[in-house]
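Heads up, the thing below is written out as structure tokens.
The values are calculated or read from the model by the stated rules, or taken from the named source; none is laboratory data. Here the structure is a predicted model, which means the values were calculated and not measured. We place every Cβ from the backbone using ideal geometry, glycine too, and count neighbours over all the protein chains shown. All accessible areas refer to the heavy atoms of the entire protein, side chains included, with ligands and DNA or RNA removed. Shrake-Rupley method; radii C 1.70, N 1.55, O 1.52, S 1.80 Å.
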Amino acid sequence: MKVTEKDVAAVADLANLELTEEERVRMLRDLNAILEYMDRLNELDTTNVAPMAQISDRFGVDPKKTGSARFAYARREDKVRPSLARDAVLTNAPETDGAFFKVPKVIER
């Protein structure tokens with residue numbers, strides 16, 4: 001799959017970027033180089049390569065454990081913490097409808 005100048009222009013427009021002609025040419029070249037590299041990687045036979053949970057054994061790994069248990073240090077339990085009352089939060093709002101902050105529209109097309 002090749003990226004075209006039209007693709008670069010469309011993405012730049014969606015991202016609201018104003019690219020110079022030189023930047024468009026460079027973006028086209030770079031995106032196509034990335035896709036070509038991905039095509040090369042897709043040619044590799046990874047049939048016998050085991051999936052990896054982490055790519056590095058450098059930090060915090062428990063060497064006595066195996067598999068994903070070695071990386072248990074990286075997981076934590078989610079905790080629900082009390083939040084501010086809506087009324088208290090809305091007292092700080094410059095403008096509100098009683099339930100939400102009211103803000104000016106910032107997207108222009």
Please find, within region 1-29, the residue that is farthest from residue 107 (Cα to Cα) out of those that are open to solvent by 70 Å² or more (accessible area, probe 1.4 Å) and of a type in the set (Val, Ile, Thr). 25
Here are the criteria: (1) surrounded by 10 or more Cβ atoms within 10 Å (Cβ to Cβ); (2) among the charged types (D, E, K, R); (3) modelled with pLDDT under 80. Tell me which single one residue 86 does not satisfy. (3)
